[in-house]
1. Roughly how many percent of the accessible protein surface of segment 48-96 is carbon and sulfur, given a 1.4 Å probe and a whole-percent answer?
2. If R0 is 25 Å, what FRET efficiency do you get for VAL20 and HIS83 from their C-beta distance, rounded to 0.05?
3. At 7 Å along the Cα-to-beta-carbon direction for both ASP29 and SER48, put a label point, then send me their distance in nm to one decimal.
4. Could you compute the net charge surrounding SER48? Neighbours are other residues with a C-beta less than 12 Å from the C-beta of SER48; K and R count +1, D and E count -1.
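The values are calculated or read from the model by the stated rules, or taken from the named source; none is laboratory data. Bear in mind that the values here come from a model prediction, so they are computed numbers and not experimental data. Note that we place each Cβ from the backbone using ideal geometry, even for glycine, and neighbour counts take in every protein chain shown. Accessible surface is based on the protein model in full, side chains and every heavy atom, while ligands, DNA and RNA are left aside. Shrake-Rupley method; radii C 1.70, N 1.55, O 1.52, S 1.80 Å.
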Amino acid sequence: MSGTAVITREETREKRALDVPWNVVVHNDPVNLMSYVTMVFRRVLGFSREKAVRHMLEVHHKGRSLVWSGERERAEAYVEQLHGYLLLATLERAEL
């Protein structure tokens with residue numbers, strides 16, 4: 001097997017890993033007020049008031065809410081912005 005074939009396979013594998021949808025998940029914390037979390041969802045994710053409240057309540061009652069899914073780079077940016085507002089957010093690979 002030539003070195004080029006190995007590199008091509010590795011690059012293809014890496015590209016597929018990046019192409020997989022990524023989820024932005026916000027987790028419950030004992031610090032932030034529900035009204036604050038709602039405001040952050042509206043400001044960072046552009047949610048309507050109703051959608052922001054729905055996700056905030058999901059975080060509150062279920063402990064987490066998937067707030068966005070898509071390309072990894074944008075998901076990472078959302079997680080970073082949510083951290084800037086002191087929300088506990090994680091990036092997870094979407095299950096296919």
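1. For segment 48-96, the apolar C and S fraction of the accessible surface comes to 50 percent.
2. So, using R0 = 25 Å, E works out to roughly 0.65.
3. Spacing of the two 7 Å Cα→Cβ label points: 2.9 nm.
4. Charge balance near SER48 sits at +3.
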